[in-house]
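Asker: Here it is: the structure, laid out below.
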Amino acid sequence: MSVAFSAQGLAKRYGRVQALGGVDVHVEEGELVGLLGPNGAGKSTLVKIGCGLVRASAGEAQVCGAPAGSRDARAAMGYLAELFRFPGWYSGDELLELHQRLAGSRGGERERSELLELVGLIEARDRRVEAMSKGMQQRLGIAQALVGTPRMLFLDEPTSALDPAGRRTVRGLLEELRRRGVAVLLNSHLLSEVELVCDRVVILDGGVVVAAGRTEDLARPRGVEVDVDGATRHYEGVGRDDVPRIVAELVQGGESIYGVRVLTSTLEDIYLEAVEGDAG
């Protein structure tokens, strides 16, 4: 698969403050990567460098093979900022038409209709932004980020202000984008959302990568639980490969088995271990 976004040795200083200290990150075509970390970890700086809004102090970043911030890179990417604000007097259709002009898209009414259909706003295309709910505005924001059919999408906290139903809708959109081959770098504080939808995670702390990979690869075994008649047996220090032996021993001992659970680290466990371990 081709690489939609890559950063090698990326560093950024604001005076004496180091925002990034040599970061290596990549997002492949059709991949959803969650960008995690505490406040001040460098997540937003990384995203802004990828979008060409901030210039790196050292290292390099590329979008679809073009230097971040270049015309080719901008043409290949879409961006939704965390604190976006659209003109309240615009309708959804008018807003997308504005962004088509800004992006140089020639998709016209057909592209706008397809995007509004994708985000579930086709029936509200003539509704003013100021009359839309927060969730609708968030979905409209994703639609504007997709104007011009970008191959790389940068999303900064796209679900932070949404209720559970709204977050589920956005998850569905992200899964559809993956199916279409769009790469997404998702900056979020909502670990449960990232765990549900992302293929990999990158955890930043203090401007450096402290953990990266698939959740299942980063997880640690937490033992096994077996439900027997009237009780739950806990087995510490064992994993999936030990389950057949444990079940066989219990059955031979006359126990009836009602359920078996292999316990592993959650993304929250992985995150806290990475951040607290780095701090220590």
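Asker: I'd like to compare 254-263, 44-53: which one has the highest average count of other Cβ atoms within 10 Å, and what's the full order after that?
Answerer: 44-53, 254-263
Asker: Long-range amide H contacts for A211: which residues qualify at under 5 Å (H placed 1.01 Å from N, peptide plane, sequence gap of 5 or more or a different chain)?
Answerer: I203
Asker: Given an 8 Å cut-off on Cα distances and at least 6 residues of separation, report the relative contact order of the chain as a percent.
Answerer: 21 percent
Asker: Which whole-number percent is the relative contact order of the stretch 221-264 (Cα, under 8 Å, 6+ apart)?
Answerer: 54 percent
Asker: If you compute log10 I(q)/I(0) by the Debye sum over Cα atoms at q = 0.07, 0.08 Å⁻¹ for the structure shown, which of (i) -0.23, -0.30; (ii) -0.33, -0.42; (iii) -0.44, -0.55 do you land on?
Answerer: Here the calculated entry is (ii).
Asker: Further, regarding this structure: What is the P(r) of the stretch 1-111, as percent of Cα-Cα pairs per 5 Å bin from 0?
Answerer: 2, 10, 18, 20, 18, 14, 10, 6, 2, 0
Asker: Amide H to amide H under 5 Å from A19: which residues, 5+ apart in sequence or cross-chain, H placed 1.01 Å off N in plane?
Answerer: K12, R13, Y14
Asker: Kirkwood Rh and Cα-based Rg: tell me the resulting Rg over Rh for the stretch 221-264, rounded to two decimals.
Answerer: Details: Rg = 9.6 Å, Rh = 10.3 Å.
Taking Rg over the Kirkwood Rh, I get 0.94.
Asker: Restricting to the chain, compute how many DSSP beta bridges are antiparallel as a %, nearest 5.
Answerer: Values: 34 of 51 bridges.
Antiparallel: roughly 65 percent of the beta bridges in the chain.
Asker: Scale the Cα Rg of the stretch 143-254 by the rule-of-thumb value 2.2 N^0.38 Å and send over the ratio, two decimals.
Answerer: Here the answer is 1.53, to two decimals.
We did not get these values from a lab; they are worked out from the coordinates using the rules stated. The structure presented is a predicted model; accordingly, all values stated were derived computationally and were not measured. When we count neighbours, we look across all protein chains shown, and the Cβ atoms used for this are built from the backbone with ideal geometry, even at glycine.
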